[in-house]
Amino acid sequence: MITVGGLSVTFRSGRGQFRAVDDVSFEVAAGETFGIVGESGSGKSTILKAIAGLVPSTSAVLEVDGRPAAQRRSKADRRMLQFVFQDPYASLHPRQTVDDILREPLEIHGVAGADEKVQKAIADVGLLPTHRFRYPHQLSGGQRQRVAIARALILSPPILLLDEPTSALDVSVQAEILNLIDRLRRSYSLTSILVSHDLAVVAHLCDRIAIMRQGRLVEIITADALRTGAVTAGYTRELIAASRGFTRAVA
Amino acid sequence: MSEPLLIVDGLEVALPGRTGVTRAVRNASFTLGRERLGIVGESGSGKTTMGRALLGLVPRPGMVTAKTMSYEGTNLLACSERDWQRLRGRRLSMVMQDPKYSLNPVKTVGRQIGETCRLHLHTDRRETDRRVLAMLEAVQIRDPDLVYHLYPHQLSGGMGQRVMIAMMLIAEPDLLIADEPTSALDVTVQNEVLRILDDLVRDRGMGLIFISHNLTVVSSFCDRVLIMYGGRIVDECLARDLQHASHPYTRALVAATPSLDNPRAELATVARDPEWLK
Amino acid sequence: MSDALTAWLQTDAPTSRRQAVMGNAYRALRSILGNPTALAGLIVIALLVLMAIFAPQLSLGKSPLDQDLAGRLGAPSSAHWFGTDELGRDVFARTLYGARVTLTIVILVAVIVVPIGLAVGTIAGYLGGWVDAVLMRITDIFLAFPRLVLALAFAAALGPGIENAVIAISLTAWPPYARLARSETLTVAQSDFIQAAVLQGASTWRILVRHIVPLCLSSVIVRLTLDMAGIILTAAGLGFLGLGAQPPTAEWGAMVSSGRDVILDQWWVATIPGLAILVVSLGFNLLGDGLRDVFDPKSS
């Protein structure tokens, strides 16, 4: 469904350039949930934005649904692929109600039956009809993230990209949102890429996982391999050990 | 265990706001010896406010009251601002989440740490420098001479936190309150910083209060854990017994945390029981 | 306000977009009315508007244009509450009718300046690159001239009269709004919610009008109200110099000008319209200050 070959993203700033992503290649099959894990500066979010066409990139191959993805996406391209951002407090327009936010994609693409679609989307993500006309500041972080997910799915895209969707949420809220994402990807047979710094989160939802470090791809492993520790790269081992928590020095 | 360092009984923190008074901490009671106590809670649980109350850092019009709140025999409730200034840094100290926001951006690292040292230990310039460099070494900074002259914005996250720890421990307090000290750090750096804390706390026989929302880190680093919800301490147990906790909220938190070792089809969600707020 | 209506407006769970928008407007209104500075300003401006609308009634039928050369420069009396001017016209009536001219100028300038400023600023801020450079240089050119001098030049070139005065003032007043809109746009342009709109396929037009402009509005409104005093003074200045409303229309600036010569002995001719200018400018300043406090998220 998604093919990435030799993807690189370079940011130019005043003094020089910075290679955020360096020659990364991987494939995501239809219906698969692919994870990308890394620490800060690893380039994981940048890869996602490059696939979505939000940042300029160079690549030998960048295909979505078998067709090459151009740097400038058309409106039709946008219906293929949607994005959920990390910060629930920044991804919703502060002056628009939930209804406005959900209607917008439908209006842009001229989809009829907006009313029922909005109601269904709200119910789908576990919100109540009473939330429909609220403004973002009247919603909690978890509720906002649900709206962001509803917005991403309202046009029924086959592909969903999630950039640290639960990093800004409490543990209990995170659990609800992860369960929601799980349920939705199953019902709609979504192909998704989930980016996170949290190994446990990624292992919970994803089939295969790419480990990123400072812009480079370290290795791609399965969630099981992650659990059993059957990995080849030393860095991956370090990550796994670190995510288990702190080990006390023997006194 | 010897005489407890900190005794808190019936701590209440009330924060008046536009819509009325919020009881950020309700009737909190616990003791702390020379051990590591973790305080775990989600946002709004009151854990950060409690940490601040223990250092007299709850700003007006907030009100801190308690039946007892004493540290090494000193009644903290009766402290004036002057008393607090003498206590903070010298006898109890706090490390906060993001060194970007808690270090002075216009002073070099060496000067900031030196300031704390001079203020509390009244050392002269040479002695201060010596101690600062020694402290930077103690927090595993490889090039203390170089880092001494750096400004906070030139430090990486992990180094910034180490500088923060150096600054807070140089005056040799007996109690350190760490409020989400590793939450802004990458997971590999986290463990390095925790190791430094581990070594220092053990070597100096200090008491440590570790406030965090991250159950995994707290349960692996601390000896005992307090669970907070809605301003109240709802559960208390040994860190190693967390998996077998009895309180429903604790169990729910543990079950809701995704873990590499316990794969589950669905994560348990927390069904909030209003009983917990009583 | 009935309890049911208040409850409907303040509900936590609005059931229609209309309810949500009205609820929001209600909350905004309450915070504005709760701010003493804004309230004072609002009252003054309300009085201005009432004066302008009900001038015929408030002047008790006296015309601002009727001359009475025999009774010229008469002191305030029961017949003429604020005295008469150099042509025997009732100063009170002229002041009331002068409010109309002031209000007209102020509204027209606002209606011209805000859309232009928003358009230039948001386009420059969002598109960046050479578009930004060109638009900002144009803005800089207009900003470089002192307002009154440029207004004078335009008025002199276009000829005297209210419409030309409005154009002249607008041409000099729009640049700060463009700057303001641009800086708000720059702050917001990289936000996730704008990126989300781009991802949905929203056109640049849609993003500018539906997403960015609404976020610029509150600072632009504050700026506008604070600017009003300056606009009124510029208009009065133009009137004073004979370039605004032409005689015999009553206009405060022109009234002050014609009363200059007799200001020491017949103070009311120039002072009353001068006071009117002062009070109205002050009113707008107070409203602007109050609105800025209300809209500033950090003040509480």
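Summary of values
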{"read-out": "Cα-based shape type of the stretch C:1-136, given that a ≥ b ≥ c are square roots of the gyration tensor eigenvalues and the cut on a/c is 1.5", "value": "oblate"}
{"read-out": "Cα gyration tensor category, rounded, prolate or oblate, for the stretch B:6-90 with a/c compared to 1.5", "value": "oblate"}
{"read-out": "Over the stretch C:209-300: Rg over Rh, Cα atoms, Kirkwood Rh", "value": "1.17"}
{"read-out": "Convex hull of Cα atoms in the stretch B:99-172, direction-averaged projection (nm²)", "value": "4.2 nm²"}
{"read-out": "Binned Cα-Cα distance frequencies in chain A - 5 Å width, integer %", "value": "1, 6, 13, 16, 18, 16, 13, 9, 5, 2, 1, 0, 0, 0"}
{"read-out": "Phi-based couplings in Hz for the stretch C:127-141 (Karplus 6.51, -1.76, 1.60; Gly and Pro marked x)", "value": "7, x, x, 6, 4, 4, 4, 4, 4, 6, 5, 4, 4, 4, 4"}
{"read-out": "Cα gyration tensor shape of the stretch C:144-230, rounded if a/c is under 1.5, else prolate or oblate by comparing a/b with b/c", "value": "prolate"}
{"read-out": "GNM result for chain C, Cα springs below 10 Å: residue of C:Leu180, C:Leu148, C:Leu127 fluctuating most strongly", "value": "C:Leu127"}
{"read-out": "Sorted largest first, extent of the stretch A:83-183 alpha carbons per principal axis (Å)", "value": "38, 30, 21"}
{"read-out": "Computed helical MRE - 222 nm, chain C, DSSP H runs ≥ 4 contributing -39500 (n - 2.57), nearest 500", "value": "-23500 deg cm²/dmol"}
{"read-out": "Cα-based Rg of the stretch C:35-295 normalised by 2.2 N^0.38 Å, two decimals", "value": "1.18"}
{"read-out": "Note, ³J(HN,Hα) from phi for the stretch A:183-190, Karplus 6.51, -1.76, 1.60, rounded to Hz, x at Gly and Pro", "value": "4, 5, 5, 6, 5, 9, 6, 6"}
{"read-out": "Label zone at A:Asp23, where the point sits 7 Å out along the Cα-to-Cβ direction: the stretch A:196-240 residues whose backbone N lies under 14 Å", "value": "A:215-218"}
{"read-out": "Relative contact order [Cα under 8 Å, 6+ residues apart], the stretch A:45-165, whole percent", "value": "37 percent"}
{"read-out": "Stokes-Einstein diffusion coefficient of chain B, Kirkwood radius over Cα pairs, 4 °C, 1.567 mPa s, in µm²/s", "value": "66 µm²/s"}
{"read-out": "J(HN,Hα) series, the stretch C:62-74, from Karplus relation 6.51 cos²θ - 1.76 cosθ + 1.60, nearest Hz, glycine and proline x", "value": "6, 8, x, 9, 5, 8, 8, 4, 5, x, 5, 6, x"}
{"read-out": "Helix-derived mean residue ellipticity, 222 nm - over chain A, DSSP H n ≥ 4, -39500 (n - 2.57), to 500", "value": "-10000 deg cm²/dmol"}
{"read-out": "Surrounding net charge for A:Asp124, when Lys and Arg each add one and Asp and Glu each subtract one, Cβ distance under 11 Å", "value": "+4"}
{"read-out": "Taking N as its residue count, the alpha carbon Rg of the stretch B:131-248 over 2.2 N^0.38 Å", "value": "1.18"}
{"read-out": "Cα convex hull volume per residue for the protein assembly as shown (Å³)", "value": "232 Å³"}
{"read-out": "Cβ-Cβ FRET estimate between A:Glu107 and B:Arg18, R0 fixed at 41 Å, reported to 0.05", "value": "0.65"}
{"read-out": "Neighbour net charge for C:Asp192 - beta-carbon separation under 10 angstrom, K R +1, D E -1", "value": "-2"}
{"read-out": "Surrounding net charge for C:Gly88, when Lys and Arg each add one and Asp and Glu each subtract one, Cβ distance under 9 Å", "value": "-3"}
{"read-out": "Spin-label proximity, A:Ala230 to the stretch A:196-218 - amide N less than 16 Å from point 7 Å beyond Cα toward beta carbon", "value": "A:207-209"}
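Values in this text are rule-based calculations from the coordinates and carry no lab data. A quick note: this is a predicted structure, and the numbers were derived from the prediction, not measured. So basically every Cβ, Gly included, is an ideal-geometry build from the backbone, and we count neighbours across all protein chains shown.
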